[in-house]
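To start, the structure itself, in structure tokens.
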Amino acid sequence: MLADLPESSTEADASVVRVLSYNIRSMRDDVGALARVIRACAPDVVCVQEAPRFFRWRKAAARLARASGLVYVTGGATASGPMILSTLRPHVERTEDVLLPRTPGLHQRGLATAVLRFGRARLGVVSCHLSIRDEERYAQGRLVLSRLAALGVPHGVVAGDLNDRPDGRTFGLLAGELQDGWAVKPWGREHTTRLGDPLQRIDAVFATAGVEVLGCGVPMGLPGVSEDDLRAATDHLPVLAALRVPAEPA
């Protein structure tokens, strides 16, 4: 069984925020299993990739939020896949969905972004799913950093499916500017590919300087997260991080 990951909390000087990143493959698999995994992780914020984006996508997003005990914040079809869900804990200051420049013949990519406030701690959030092609992916990585900076808050998190490994140049670009949660404070399992597939870490949670990473990794062994549900929910494994976000001055 996993060691405990710090629970959500709000203090005078900081808030502990649990962030989950999860590629849900357009909810084409077992949605009940998916919701059970999310609930067991007890996240404050979920950065989704491959959210439903076609016929009645809003209804599907609402179904997942309801089943997971969360609310819809932003994204989905309007961001071409990335989406953000949360509990009722944060105050949503603002949101913006961004479509990235598209290479002909490749999928449209986008970003779901939000600024969330937990007490006096403000957190910029970017959910992303980057290209399978190296050149386009690297350009998108630069745009992720630019968009995070444009949120205009001192603390932020980027979470998503990078389609790149830690030795890749786009992963390295993000890890050079931000804290790679697993590298800073590993917790749980490292690799995020489906159980039985070649071992790769292609999904990650990154945080800006000043945010303390209290633990980050795949929550295998977390109470309530069964291997059967992880296999049935989607073709990726989730990444869960606990982050201590400093409060802004009163």
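Numerical summary
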| item | result |
| --- | --- |
| Cα centre as origin, Lys/Arg/Asp/Glu Cβ charges: the chain dipole, Debye | 800 |
| Lys, Arg +1 and Asp, Glu -1 on Cβ, resulting dipole of region 124-250 about Cα centre, debye, nearest 20 | 200 |
| Sorted largest first, extent of region 156-250 alpha carbons per principal axis (Å) | 46, 33, 18 |
| Shape call, region 8-148: gyration tensor on alpha carbons, a/c limit 1.5 | oblate |
| Accessible surface of Trp57 - all protein chains present, 1.4 Å probe, nearest 10 Å² | 30 |
| Most mobile of Asp167, Asp29, Asp134 in a GNM of the chain (Cα contacts under 10 Å) | Asp167 |
| Square roots of five times the Cα gyration tensor eigenvalues for the chain, Å | 23, 21, 19 |
| FRET efficiency for Ala232 and Asp4, using Cβ-Cβ distance with R0 set to 30 Å, rounded to 0.05 | 0.70 |
| Environment charge of Arg28, counting only residues whose C-beta is closer than 10 Å and scoring Lys/Arg +1, Asp/Glu -1 | -3 |
| Descending principal axes extents, region 75-212, alpha-carbon based, whole Å | 41, 37, 26 |
| Separation in nanometres of the label points that stand 7 Å from Cα toward Cβ, at Glu96 and Gln108 | 1.9 |
| Ile38, Ile132, reordered so the largest accessible area comes first (probe 1.4 Å) | Ile132, Ile38 |
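The values are calculated or read from the model by the stated rules, or taken from the named source; none is laboratory data. Quick caveat: nothing in here was measured; it's all calculated off a predicted structure. Backbone-built Cβ (ideal geometry, glycine too); neighbour counts: all protein chains shown. To get the accessible areas, we keep the full protein, side chains included, count just its heavy atoms, and leave off ligands, DNA and RNA. Shrake-Rupley method; radii C 1.70, N 1.55, O 1.52, S 1.80 Å.
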